[in-house]
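A.B. asks: Can you keep this structure in mind? I'll have questions shortly.
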Amino acid sequence: MKKTNVRWTVVALIFFATTVNYIDRQVIGLLKPYIQDDLGWTEADYGYIVTAFQVAYGIGMILGGRMLDHFGSKLGYSIAIIVWSLGAVMHAAVRSVIGFGAARAVLGLGEAGNFPAAVKVIAEWFPKQDRAFATGVFNSGTTIGAIIAPIIVTAITLEWGWRWAFIVTGMLGFIWVAFWWMLYHSPEKHHGVNQAELDYIHSDEEEEAHESHETHQAVTWRQLFQHRQTYAILFSRFVTDWVWWFFLFWTPDFLNKTHGVDLKATVLPLIIIYTMSSIGGIYGGHVSSQFIRFGRSIDFARKTTILLFALLVLPLNAVPHIDNMWMVVFIIGLATSTHQAWASNIFTIVSDVYPKQVVGSMTGISSVGGAIGGALASSFVGLILEYTGSYAVIFMIASTMYLLAWLTLRLFVPIRQIKF
């Protein structure tokens with residue numbers, strides 16, 4: 001079936017939402033040296049502020065996934081973005097560590113809704129064979145946002161001050177909501193979708209109905225936690241998501257402290273790092289989809305792709321011991337690329353294993369594992385830096401996490417749809 005413009009317009013909308021999501025969350029990492037000098041934060045203070053974001057993000061995942069399954073993608077996505085945009089703008093009005101923690105909490109609560117909503121929309125608009133690639137495309141918005149953020153934030157901060165960087169970037173979400181309401185409709189209600197396209201979108205449903213006789217019945221969280229796949233996916237997010245948060249919130253600081261890179265000079269290294277990660281996100285989904293097209297099982301495709309990319313993050317262990325900044329940038333970029341390839345496949349595994357009507361809830365639940373790991377790691381990283389001044393232990397641990405996640409999936413997650 002030919003890919004129509006309608007489905008890829010939907011992907012474009014999700015891509016832009018994800019881009020705004022990552023612009024808003026990255027601002028504080030870019031401005032850390034400026035705000036730290038202005039407000040007198042310690043390394044531990046910054047870790048606690050990031051932890052507030054992560055805790056709220058985890059709570060938002062629990063609430064947001066259920067909200068999306070109840071209210072639907074259009075309204076639920078809008079609520080999430082309005083909340084996080086308000087949180088982003090709030091940063092400009094606070095001065096204390098507690099105030100920043102509160103603003104980060106509102107931001108995290110809203111931003112948590114992005115990925116459950118995005119994965120749910122993909123599951124509604126794409127059959128399984130196309131989902132990994134479509135997920136890779138929208139998920140590349142995380143890295144495009146991370147690329148754009150240094151450019152925008154640097155320009156605004158140097159011209160008007162760091163508070164305006166939060167205001168301007170926070171307003172982008174409100175603009176997106178207007179376009180979402182104008183352009184988005186479900187496949188059944190979209191005037192641009194003909195019957196042939198609708199049949200293709202729903203081509204998996206006969207197989208899904210055969211595998212899960214209660215597909216259209218309500219599935220409770222208790223039922224989800226009766227399956228080992230739920231625990232394994234949650235754990236795999238717990239041990240890997242924090243690595244991405246670490247890159248996002250500490251890379252500018254790492255480059256500044258170890259290689260003397262200031263806010264203006266950090267733009268090019270960050271563009272390189274997140275351009276690499278964007279390629280990894282799209283290619284990770286492509287590799288998985290190609291395995292399926294070559295006749296391999298979905299289980300083989302997802303797990304083999306994850307293993308291949310997990311091996312590429314191992315050089316991260318050497319980063320604190322390398323003097324050449326550009327070699328450091330390349331290795332970090334390779335690791336961020338690995339994470340995005342991993343994310344494209346783990347999001348898709350959720351839609352492979354669970355029926356469509358609980359994809360939002362399950363994505364939210366699995367993301368709680370990532371948020372808890374991120375919250376604990378943020379405080380851990382802050383305290384390690386406060387008392388040792390070294391990133392070596394942090395990079396060493398981060399380099400092994402994706403292999404641990406792959407092993408968990410390999411042992412405990414057969415990738416076939418669960419019968420409820």
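The values are calculated or read from the model by the stated rules, or taken from the named source; none is laboratory data. This structure is a prediction, so every number in the text was calculated from the model and none was measured. Cβ atoms come from the backbone with ideal geometry, glycine included; neighbour counts cover every protein chain shown. The accessibility values were calculated without ligands, DNA or RNA, using every heavy atom of the protein model including side chains. Shrake-Rupley method; radii C 1.70, N 1.55, O 1.52, S 1.80 Å.
A.B. asks: Given N residues in the chain, what is Rg(Cα) / (2.2 N^0.38 Å)?
C.D. replies: Values: Rg = 20.4 Å, N = 420, 2.2 N^0.38 = 21.8 Å.
For the chain, the normalised Cα radius of gyration is 0.94.
A.B. asks: So, one more: Using only the Cα atoms of segment 89-155, build the gyration tensor, take square roots of its eigenvalues as a ≥ b ≥ c, and label the shape rounded, prolate or oblate: rounded if a/c is under 1.5, else prolate if a/b is larger than b/c, else oblate.
C.D. replies: Numbers: a/c = 4.76, a/b = 1.91, b/c = 2.49.
Note, shape of segment 89-155 comes out oblate.
A.B. asks: Take the chain, connect every pair of alpha-carbon atoms lying under 10 Å apart with a spring to form a Gaussian network, then pick out the residue of Gly145, Gly173, Gly260 with the largest mean-square fluctuation.
C.D. replies: Sorting by GNM fluctuation, first place goes to Gly260.
A.B. asks: Something else about it: Hey, if we sort Arg95, Arg131 by accessible area with the 1.4 Å probe, largest down, what's the order? Working shown, then result.
C.D. replies: Details: Arg95 140, Arg131 5 Å².
Heavy-atom accessible area, descending, gives Arg95, Arg131.
A.B. asks: Just list whichever of Lys189/Lys419; Lys74/Lys128; Lys128/Lys189; Lys264/Lys303 have alpha carbons separated by over 31 Å in the model shown.
C.D. replies: Details: Lys189/Lys419 29 Å; Lys74/Lys128 22 Å; Lys128/Lys189 21 Å; Lys264/Lys303 40 Å.
Among Lys189/Lys419; Lys74/Lys128; Lys128/Lys189; Lys264/Lys303, the Cα-Cα distance tops 31 Å for Lys264/Lys303.
A.B. asks: Further, regarding this structure: Looking at segment 1-45 from every direction and averaging, what is the projected area of its Cα convex hull in nm²? Working shown, then result.
C.D. replies: Working: hull surface 18.4 nm².
Average of the hull's projected areas for segment 1-45 equals 4.6 nm².
A.B. asks: A further question follows. About the Cα centre, and with charges only on the beta carbon of Lys, Arg (+1) and Asp, Glu (-1), how big is the dipole of the chain? Nearest 20 debye, please. Before the final figure, lay out each step's value.
C.D. replies: Working: 27 positive and 27 negative charges, 73 e Å.
Dipole magnitude for the chain comes out near 340 debye.
A.B. asks: Let me ask something else. Using θ = phi - 60° and the Karplus relation 6.51 cos²θ - 1.76 cosθ + 1.60, list the HN-Hα couplings for segment 38-53 in order, rounded to whole Hz, with x at every Gly or Pro.
C.D. replies: Values per residue, Gly and Pro as x: 6, 10, x, 5, 8, 4, 5, 4, 5, x, 5, 5, 5, 4, 4, 4 Hz.
A.B. asks: Ranking request for peptides 380-391, 5-16, 349-360: highest mean number of other beta-carbon atoms within 10 Å first, then the rest in descending order.
C.D. replies: Details: 380-391: 16.5, 5-16: 18.4, 349-360: 23.8.
Those peptides, ordered most packed to least, come out 349-360, 5-16, 380-391.
A.B. asks: For segment 290-342 and segment 272-288, what is the centre-to-centre distance using only Cα atoms, to the nearest Å?
C.D. replies: Taking the Cα centre of segment 272-288 as reference, the centre of segment 290-342 is 9 Å away.
A.B. asks: Moving to a separate point now. Could you tell me the accessible area of Met90 in Å² (1.4 Å probe, neighbours in place), rounded to the nearest ten?
C.D. replies: 70 Å²
A.B. asks: How big is segment 306-390 along each principal axis, measuring the range of its Cα positions in Å and listing the largest first?
C.D. replies: Extents along the principal axes: 50, 30, 16 Å.
A.B. asks: Moving on. Specify whether the C-alpha gyration tensor of segment 1-78 places it in the rounded, prolate or oblate class, a ≥ b ≥ c being the square roots of the eigenvalues: rounded for a/c under 1.5, otherwise prolate if a/b is larger than b/c and oblate if not. Display every interim value, and only then the final one.
C.D. replies: Details: a/c = 4.26, a/b = 1.90, b/c = 2.24.
Oblate.
A.B. asks: Here's another thing I want to ask about it. Give the distance, in whole Å, between the Cα centre of segment 366-420 and the Cα centre of segment 215-267.
C.D. replies: 7 Å
A.B. asks: So, one more: At q = 0.15, 0.16, 0.23, 0.25 Å⁻¹, what log₁₀ I(q)/I(0) does segment 136-205 have when each alpha carbon counts as one equal point scatterer in the Debye sum?
C.D. replies: Summing over Cα pairs of segment 136-205 leads to -0.72, -0.77, -1.05, -1.11.
A.B. asks: Now a separate question. If N is the number of residues in segment 10-154, what value comes out of its Cα radius of gyration divided by 2.2 N^0.38 Å?
C.D. replies: Numbers: Rg = 15.9 Å, N = 145, 2.2 N^0.38 = 14.6 Å.
Normalised Rg, Cα atoms only: 1.09.
A.B. asks: Carbon-plus-sulfur fraction of the accessible area of the chain, 1.4 Å probe, in percent?
C.D. replies: Working: 10650 of 15950 Å².
Roughly 67 percent, rounded to a whole number.
A.B. asks: Ok, one more. Using a Gaussian network model on the chain with a 10 Å cutoff between Cα atoms, which of Ala265, Ala310, Ala17 fluctuates the most?
C.D. replies: So, out of Ala265, Ala310, Ala17, the one fluctuating most is Ala265.
A.B. asks: Ok, one more. Could you sort Phe100, Phe294, Phe235 by their accessible area in this structure, using a 1.4 Å probe and putting the largest first? Present the calculation step by step, with values, prior to reporting the outcome.
C.D. replies: Numbers: Phe100 0, Phe294 150, Phe235 80 Å².
Most to least solvent-accessible, the answer reads Phe294, Phe235, Phe100.
A.B. asks: Moving to a separate point now. In whole angstrom, and with the biggest value first, how far do the Cα coordinates of segment 209-349 range along each principal axis?
C.D. replies: 60, 36, 24
A.B. asks: Among Asn139, Asn256, Asn324, whose mean-square fluctuation peaks in a Gaussian network model of the chain (Cα, cutoff 10 Å)?
C.D. replies: Asn324
A.B. asks: While we're on this one: Using helices alone, what [θ] at 222 nm do you get for the chain, with -39,500 (n - 2.57) per DSSP H run of 4 or more residues, divided over all residues and rounded to the nearest 500? Present the calculation step by step, with values, prior to reporting the outcome.
C.D. replies: Details: 17 runs with 333 residues, N = 420.
Per the formula, -27000 deg cm²/dmol.
A.B. asks: Can I ask one more? 5 Å is the cut-off here: which amide hydrogens, built 1.01 Å from N in the peptide plane, fall below it relative to Val261, excluding neighbours closer than 5 in sequence?
C.D. replies: Asn256
A.B. asks: Right, another one. Send over a whole-number figure in Å² for the accessible area per residue of segment 52-100, probe 1.4 Å. All intermediate terms of the calculation are to be shown ahead of the outcome.
C.D. replies: Working: 1930 Å² over 49 residues.
Each residue of segment 52-100 exposes 39 Å² on average to a 1.4 Å probe.
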